[in-house]
Amino acid sequence: MYGKLYSACLYGIDGVLIEVETDLSNGLPQTSIIGLPDSAIREAVERVRAAVKNCGYQYPLQRITINLAPADLRKEGSSFDLAIAVALLMTSGQLVLPPQERTLMLGELALDGSVRSVPGVLAMVDLAKRQGFTSVLLPADNLAEASLISGINVYGVRHLQDITPDTTDFKTKEGGLSTAGPIVLGSFAHLIKPGYEQSSSTNSHARTQKPVSFTEDYSDVLGQHHVKRALMIAAAGMHNILLVGPPGTGKTMLIKRLPTILPPLSEEEALEVTKVLSAAGKLKETSSGLVTERPFRSPHHTISTSGLIGGSGIPKPGEVSLAHRGILFLDELPEFHRQVLEVLRQPLEDHTVTISRARAAFTFPAQFMLACSMNPCPCGYLSAQSEDQRCICSPSRVAAYRAKISGPLLDRIDLQVEVPPPGEWRNAAPSPTSAEMQAKVVHAHHIQAKRYANSSVRWNSQLSGRLLRRTARLPAEADHLLQHTLQALNLSMRAHDRIIKMAQTIADLDHDGEILTSHVAEAIQYRQLDLNLF
């Protein structure tokens, strides 16, 4: 006897359709799963066997062969359990699914038949819709996430027995099938649907976006107005930024408040971020629907290359992809291994990460703002002016410390800003709030959205080539200043273009229609490591 159902698995962050074929034949009772399964899939035999028996069905005492096609694609994960169990029940004549439904099934089975959530549901449901499926059966805990994809019926399953509305009349006391024959389902209308009541007082819809609220605010940071100005420029154009200063000057505090001035995610961006988090298994609050807060990732400096970029047998998203449409914060930048930092070069330019394996290449999105902090020297007090805090580092130690950050990587960081000790912070001018700074940033984003409406560019930092030359035109005086700076400091052409893009962002923040000489001058002074000001 032969049967077939459909399931799916993740390949990178995209869903791949898998045919679950079952064959029952005479012979010694044994179950084999073929089709390049990993350990989790091979162990599905025992999970499915226990779940089927504990739900009152009869596990076939025959030779069972389960094929996961295409056979040359390596599969991993536990999302096939539900499809395997239902396929066995169909093939053994215990269950008949609605003939009018083309169904995809996802879910991991517990030994008692409970259906547990699986990662990557958003990508797999999107695949089902594109492949012409009419319905998807999946864990109830993944239902809110799956219902973000419109145009396809999704049904939540909490238990294997939920697939049949009432099986009492079809089973004997011993748990085998009665003489009434197989259970025939006319539809899946009895299963849980999106928008079901979560509690007695709450009815949550998957597309409801909760407002983002922050407990931190830039008004908490006294002084450092020039640093806040630089952070506002970075947020307005999504430019990379590096803060350099002695310990205790507020570098980490300032960057951790950067999400408070970024504009909220658009619906398109929210779907992208949610899809990446779903594929990585980090979408924990399944009832909240779309992710509305821009990601802020801050990995420890002991992170590996694969942890930052992504990896494993079938690669998973790394920190650069988890920070997609948000911020990747590297605190104490020189403490990271040099080879780990060097892999950031390509994502910072291309905004994607491609990881090649023997059987396939995987591409992950990586459009993020890089925010870093570092001390000026190993002891941290090279630029300190206090008598009690004198630098004890030799020039060779300072040079070796800074050499941990390569020139090509530093060249890709637009703003390099000194963060000095606060000084007389008690008498400092009132600090702007995050709301006031965000209003200016949002206005600058609106200007950019209107300017680049007919292109794939969203922010000034993405400009390049002819579009940069056509959009960000410099007056003669500003161009002369930039060319003189380029020759005097021996800057690269990449730095030249990044200064122009920063100048355009400064013009947008100041509500000026064109780039002025003052905007170029301000952009140049943010390249402080190039200017050897430390």
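The values are calculated or read from the model by the stated rules, or taken from the named source; none is laboratory data. Values in this document were obtained by computation on a predicted structure and should not be read as measured data. All Cβ positions, glycine included, derive from the backbone under ideal geometry; neighbour counts span all protein chains shown.
For the stretch 457-474, what are the residues that are at negative phi and either of a type in the set (G, A, S) or loosely packed, with under 14 Cβ neighbours inside 10 Å (or both)? Explain how you work it out, then say what you get.
Filtering the stretch 457-474 for residues at negative phi gives 457-464, 466-474.
Scanning the stretch 457-474 gives S461, S464, R466, R469, R470, A472, R473.
Just for the stretch 499-534: of the residues that are β-branched (V, I, T) and not in a loop (DSSP other than H, G, I, E, B), which one is farthest from Q438 (Cα to Cα)? If you could, list the steps in order and put the result at the bottom.
Filtering the stretch 499-534 for residues β-branched (V, I, T) gives 499-500, 505-506, 515, 517, 520, 524.
When the remaining residues are screened for being not in a loop (DSSP other than H, G, I, E, B), the result is 499-500, 505-506, 517, 520, 524.
On the way: I499: 23, I500: 23, T505: 14, I506: 15, T517: 25, V520: 23, I524: 24 Å.
By that ranking, first place goes to T517.
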Given the options A399, A384, A435, name the one that is farther than 30 Å from R294 by Cα and either at pLDDT below 85 or within 28 Å of the chain's Cα centre (by Cα) (or both). A384
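Please pick out the residue among V273, V291 that is more than 21 Å from F336 (Cβ to Cβ), hydrophobic (A, V, I, L, M, F, W, C) and free of Cβ contacts under 8 Å to residues at least 40 places away in the same chain.
V291
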Determine if the stretch 30-44 includes at least one residue that is over 30 Å from A361 (Cα atoms) and either out of contact with any Lys or Arg (no Cβ under 6 Å at 6 or more places or on another chain) or surrounded by fewer than 20 Cβ atoms within 10 Å (Cβ to Cβ) (or both). yes
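Residues of the stretch 470-498 being touching an Asp or Glu at 6+ places or on another chain (Cβ under 8 Å) and either in a helix (DSSP H, G or I) or farther than 15 Å from Q528 by Cα (or both), which ones? Spell out the reasoning first.
Step one: list which residues in the stretch 470-498 are touching an Asp or Glu at 6+ places or on another chain (Cβ under 8 Å), which gives 473, 475, 489, 491-492, 494-495, 498.
Within the stretch 470-498, R473, P475, L489, R494, A495, R498 qualify.
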What number of residues within the stretch 398-411 are surrounded by fewer than 17 Cβ atoms within 10 Å (Cβ to Cβ) and in a loop (DSSP other than H, G, I, E, B)? 3
Matching residues in the stretch 115-139 - criterion: being touching a Pro at 6+ places or on another chain (Cβ under 9 Å) and not charged (D, E, K, R): V115, S117, V118, V121, S135
For the stretch 513-529: of the residues being in contact with a strand residue (DSSP E or B) (Cβ under 7 Å, 6 or more places away or on another chain) and of a type outside the set (K, R), which is surrounded by the most Cβ atoms within 10 Å (Cβ to Cβ)? Y526
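Being under 26 Å from E332 (Cα atoms) and either acidic (D, E) or touching a His at 6+ places or on another chain (Cβ under 8 Å) (or both) narrows it down to one of D479, D411, so name that one. Give the steps one after another, and end with the answer.
Details: D479 fails: under 26 Å from E332 (Cα atoms).
After applying the criteria, what remains is D411.
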On the basis of being buried (at least 22 other Cβ atoms within 10 Å of the Cβ), at pLDDT below 90 and under 28 Å from P259 (Cβ atoms), does G326 make the cut? no
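Out of I392, I355, I need the residue that is over 16 Å from A323 (Cβ atoms), hydrophobic (A, V, I, L, M, F, W, C) and under 21 Å from the mean Cα position of the chain (by Cα). Which one?
Details: I392 fails: under 21 Å from the mean Cα position of the chain (by Cα).
Residue meeting the stated conditions: I355.
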Can you find a residue that is in the same structural domain as L254 (by TED's automatic domain parsing), more than 30 Å from S150 (Cβ to Cβ) and loosely packed, with under 15 Cβ neighbours inside 10 Å anywhere in the stretch 285-300? yes
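Per-residue answers, yes or no, for (1) assigned by TED's automatic domain parsing to the domain that holds L277; (2) touching a residue at least 24 places away in the same chain (Cβ under 8 Å); (3) surrounded by 19 or more Cβ atoms within 10 Å (Cβ to Cβ):
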site: L308; (1), (2), (3): yes, yes, yes
site: S321; (1), (2), (3): yes, yes, yes
site: E335; (1), (2), (3): yes, yes, no
site: V340; (1), (2), (3): yes, yes, yes
site: D350; (1), (2), (3): yes, no, no
site: A360; (1), (2), (3): yes, yes, no
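Here are V118, V125: which of them is under 26 Å from E43 (Cα atoms), in contact with a strand residue (DSSP E or B) (Cβ under 9 Å, 6 or more places away or on another chain) and not in a helix (DSSP H, G or I)? Give the derivation first.
On the way: V125 fails: not in a helix (DSSP H, G or I).
Just one listed residue meets the conditions, V118.
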Assuming A71 fulfils every condition listed in (1) modelled with pLDDT under 95; (2) surrounded by fewer than 24 Cβ atoms within 10 Å (Cβ to Cβ); (3) in contact with a Pro (Cβ under 9 Å, 6 or more places away or on another chain) apart from one, which condition is it? (3)
Output yes when any residue across the stretch 441-455 is in contact with a helix residue (DSSP H, G or I) (Cβ under 6 Å, 6 or more places away or on another chain), assigned to a loop (DSSP other than H, G, I, E, B), buried (at least 16 other Cβ atoms within 10 Å of the Cβ) and of a type in the set (F, W, Y), and no when none is. no
